Amino acid sequence: MDAQKFGAFVAQQRKEKKMTQAELAEKLHVTAKAVSRWERGIGFPDINTIEPLAQALEISILELMKSERVVEQAVPRNQATEAVVDALQLAKEQRMQERKGGFKILAAALICLILVLYLDTMDWQADQILFTLAGVGLPLFCVCGGFALLGYGVWRKAAGKSSGQIFGIAAGMLVFLLCFLGLFVLAGSMGVGPVPT
């Protein structure tokens, strides 16, 4: 299903009903920001919102899923099948996004746990913590993160997906690392840091 086509169709139907985004959002119990995202083609409504959205716009679910008005009474089997496949694909994508969100939360919790355990082993001494984070943690994060993002960017490019921002972030992390290490060495050579002259 094409998000841009879907969004333009929803916006057109909403305007024909002389409804604002806020009014449509209120009918669907979602935010006006969510409706705006749909209409701009940034995302799709939750699968459970499809039927109420079609009702609010006074169109059929088939018309909503096809993103076009259907004037015939009898819908050809292939069009109905295509609409069902689109709905199932949308549900699958939403489940994947939900799963990714859950994994991100678990990863953040694990990182926090490791950090707390690490700080506890250092007896919460600020100078050791600061030196370890700045001298070891930050460079390792930049190197590992930068190369991981480069690999991810290459994979996205090979899959025919956009990858410019991924490459930009990866390059930014590696440039930041070089600048940081340069300042670290400069501070050491001036006698104000832990790096020997």
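Side notes on the structure shown:
- Taken over the stretch 158-184, the criterion of being more than 12 Å from CYS142 (Cβ to Cβ) and surrounded by 14 or more Cβ atoms within 10 Å (Cβ to Cβ) is satisfied by SER163, ILE166, PHE167, PHE184.
- Residue match in the stretch 109-124 (condition: surrounded by 11 or more Cβ atoms within 10 Å (Cβ to Cβ), among the hydroxyl-bearing types (Ser, Thr, Tyr) and outside any helix (DSSP H, G or I)): no
- Just so you know, in the stretch 26-35 the residues that are outside any helix (DSSP H, G or I) and not polar (S, T, N, Q) include one that is nearest to the chain's Cα centre (by Cα), and it is VAL30.
- Inside the stretch 119-148, residues that are under 21 Å from LEU177 (Cβ atoms) and either at pLDDT below 75 or over 28 Å from the mean Cα position of the chain (by Cα) (or both) make up a count of 8.
Table: residues versus (1) within 27 Å of the chain's Cα centre (by Cα); (2) open to solvent by less than 50 Å² (accessible area, probe 1.4 Å).
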| position | (1), (2) |
| --- | --- |
| GLY7 | yes, yes |
| GLN13 | no, yes |
| LEU24 | yes, yes |
| ARG37 | yes, no |
| GLU63 | no, yes |
| SER67 | yes, yes |
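The values are calculated or read from the model by the stated rules, or taken from the named source; none is laboratory data. These numbers come from a predicted model, not from an experiment. Methodologically, a virtual Cβ is constructed for each residue, glycine included, from the backbone with ideal geometry; neighbour enumeration extends over all protein chains shown. The area values use the complete protein model at the heavy-atom level, side chains included, leaving out ligands, DNA and RNA. Shrake-Rupley method; radii C 1.70, N 1.55, O 1.52, S 1.80 Å.
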